[in-house]
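The values are calculated or read from the model by the stated rules, or taken from the named source; none is laboratory data. Values in this document were obtained by computation on a predicted structure and should not be read as measured data. Backbone-built Cβ (ideal geometry, glycine too); neighbour counts: all protein chains shown. In case anyone asks, the SASA skips ligands and DNA or RNA and just uses the protein heavy atoms, side chains included. Shrake-Rupley method; radii C 1.70, N 1.55, O 1.52, S 1.80 Å.
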Amino acid sequence: MHRSITSSFVIPKWVVLSAYTAISLGTVFGGWRIVKTMGTSITKIREMEGFCSNAAAAIVLLGTSHFGIPLAPRM
């Protein structure tokens, strides 16, 4: 049997706020360790390399947005 979500489906506000809070707390308390591991243990990234990679990603996103090219997140 196939079911679909109807337009009357609503997520309670407390669920949304709880998810936001959990993600925020995880980033605050565990995020630095992940950044440190990614930046020093896996590969060596200096400030200029990080800036360039972020700038390139921003340019790609601005370009796709400007030209109306849809992007799907990688999963």
Legend entry - Angle in degrees between helix 47-67 and the longest Cα principal axis of the chain, rounded to the nearest 10: 40 degrees
Inset, instruction - May I ask you to list the trypsin sites (Lys or Arg not before Pro) in segment 29-75 that are in a DSSP loop and have at most 12 other Cβ atoms within 10 Å of their Cβ? - result: Lys44, Arg46, Arg74
Legend entry - Inter-probe distance in nm under a simple model that places probes 7 Å from Cα toward Cβ, at Lys13 and Val35: 3.2 nm
Inset, instruction - Enumerate the whole-percent occupancy of each 5 Å bin, from 0 to the last occupied one, for all C-alpha pair distances of the chain. - result: 3, 11, 9, 11, 16, 18, 16, 8, 5, 3, 0
Inset, instruction - Please work out the average accessible area per residue across the chain, using the 1.4 Å probe convention, and give it in Å². - result: 100 Å²
Inset, instruction - On a 0 to 90° scale, report how tilted helix 13-36 is relative to the longest principal axis of the chain, with both axes built from alpha carbons and the result rounded to the nearest 10. - result: 20 degrees
